[in-house]
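The values are calculated or read from the model by the stated rules, or taken from the named source; none is laboratory data. Since this is a predicted model, take the numbers as computed values, not measurements. A quick note on method: Cβ atoms are made from the backbone with ideal geometry, for glycine too, and the neighbour counts reach across all protein chains shown.
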Amino acid sequence: MRKVVGIGETILDVIFRNEQPSTAVPGGSVFNGIVSLARAGIPVRFISETGNDRIGNIILKFMQDNGIATNYINVFPDGKSPVSLAFLNAQSDAEYIFYKDYPKQRLDILFPELEENDILIFGSYYALNPVLRDKIVDLLEQAREKKVIIYYDLNFRSSHKEEALKLMPTIIENFEYSSIVRGSIEDFLNLYNLKETDKIYKDKIKFYCPNFILTSGADNISLHTQQFTKEYPAMPLNPVSTIGAGDNFNAGVIYGLLKHQIQYDDLNQLDETTWKQIIHYGIAFSANVCQSFSNSISSDFAKQLSPIN
């Protein structure tokens, strides 16, 4: 069975509502989607790092409880595991404060072997960080050589807005490696001060990567491929928390690619009917995660998914 490999940060999210802490859950943008895929019965590998402390132990145990091997987690002796405080507003959207204390030596581990038609997901500032860049590029090079589907989630936060110009060459390089680019309206406002979907695709993405998905919170999802452009309505709901919404949209799309047995060589020829079914999984995963404080799909939702051969 094909596997999904993710690389990104692990973090403990402490979630506040009305200025009071409601719960604390392990998170991280790629990590949230990997947990959902593991719950859906997909073989996964996750590359990350955490501290040798109580927070790190919580994250490692959470991974083990969800059937995710910890072989590719660099447990560093110096520094501390990162923590984020997520303050939910009336719409259940989060504003973050991050606390990080990483050591100088990062990702000091062997990476998993990739095989043809596996799927690699990467994104956020983790995919742009100059300290980690050489290791990220090594993984992307291996993925390209092995004909792996590479899924890039921009997830470019406003806290890095001032660095956008400096980071642009790295972002473009990530686009070039990618089979699918997914971003939100906020990402492109932060990066380019753009929000017109067609303009974003034609001016910023198309030359580097043919397949582009733009999400807009509760508004429509826009899909752009070489063959067509299409919009799909988001599922109407009253969210408890939107923290893992985009991360799980990614997980749902990846689940859909595996469910429909889409291989590396198929991707650029997919018809609209197939894409619609794939996007539907993204919408369903995202909607489910918004119904609780969890950053990943529920076990009940996962049980309702039909197994993938």
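Between Tyr126, Tyr102, which is crowded, with 16+ Cβ neighbours inside 10 Å, closer than 30 Å to Lys259 by Cβ and of a type in the set (Phe, Trp, Tyr)? Reasoning before the result, please.
Working: Tyr102 fails: closer than 30 Å to Lys259 by Cβ.
Checking each option against the conditions leaves just Tyr126.
Out of everything in the stretch 150-161 that is among the charged types (D, E, K, R) and either within 10 Å of Leu191 (Cβ to Cβ) or modelled with pLDDT under 95 (or both), what residue ends up being farthest from the chain's Cα centre (by Cα)?
That would be Lys161.
Condition first: farther than 19 Å from Ala38 by Cα and among the acidic types (Asp, Glu). Can you find one or more residues in the stretch 246-253 that meet it? If you could, list the steps in order and put the result at the bottom.
Residues of the stretch 246-253 farther than 19 Å from Ala38 by Cα: none.
No; the residues of the stretch 246-253 include none that is farther than 19 Å from Ala38 by Cα and among the acidic types (Asp, Glu).
Just to be sure, is Ser178 under 24 Å from Thr242 (Cβ atoms) and hydroxyl-bearing (Ser, Thr, Tyr)?
no
Scan the stretch 179-211 for residues that are part of a helix (DSSP H, G or I) and either of a type in the set (Ser, Thr, Tyr) or at positive phi (or both) and jot them down.
Within the stretch 179-211, the first condition is being part of a helix (DSSP H, G or I), and the residues that meet it are 185-192, 197-205.
Within the stretch 179-211, Tyr192, Thr197, Tyr201 qualify.
Here is a list: Asn268, Asn211, Asn193, Asn238. Which entry is within 27 Å of Glu145 (Cβ to Cβ) and exposed (fewer than 14 other Cβ atoms within 10 Å of the Cβ)? It would help to see each step written out before you state the result.
On the way: Asn211 fails: exposed (fewer than 14 other Cβ atoms within 10 Å of the Cβ); Asn193 fails: within 27 Å of Glu145 (Cβ to Cβ); Asn238 fails: within 27 Å of Glu145 (Cβ to Cβ).
None of the others qualify; the one that does is Asn268.
Of these, Glu163, Glu145, Glu186, Glu141, which one is touching a Ser or Thr at 6+ places or on another chain (Cβ under 8 Å) and surrounded by fewer than 20 Cβ atoms within 10 Å (Cβ to Cβ)? Walk me through it before giving the result.
Working: Glu163 fails: touching a Ser or Thr at 6+ places or on another chain (Cβ under 8 Å); Glu145 fails: touching a Ser or Thr at 6+ places or on another chain (Cβ under 8 Å); Glu141 fails: touching a Ser or Thr at 6+ places or on another chain (Cβ under 8 Å).
Just a single option satisfies the conditions, and that option is Glu186.
Check every one of the strands (runs of 3 or more DSSP E) wholly within the stretch 40-152 and list those with 2 or more residues that are out of contact with any Gly (no Cβ under 9 Å at 6 or more places or on another chain). Spell out the reasoning first.
Working: elements: 44-51, 73-76, 80-88, 94-101, 119-123.
Here the list reads 80-88, 94-101.
Cβ-Cβ under 9 Å, sequence separation 6+ or interchain: first residue in the stretch 229-245 and at pLDDT below 85, partner surrounded by 19 or more Cβ atoms within 10 Å (Cβ to Cβ) and basic (Lys, Arg). Which pairs?
Once the first residue is at pLDDT below 85 and sits in the stretch 229-245, no partner that is surrounded by 19 or more Cβ atoms within 10 Å (Cβ to Cβ) and basic (Lys, Arg) comes close enough.
Among the numbered criteria (1) of a type in the set (S, T, N, Q); (2) touching a residue at least 60 places away in the same chain (Cβ under 8 Å); (3) on the phi < 0 side of the Ramachandran plot, which single criterion is violated by Ser92?
Of everything listed in (1) of a type in the set (S, T, N, Q); (2) touching a residue at least 60 places away in the same chain (Cβ under 8 Å); (3) on the phi < 0 side of the Ramachandran plot, Ser92 misses just condition (3).
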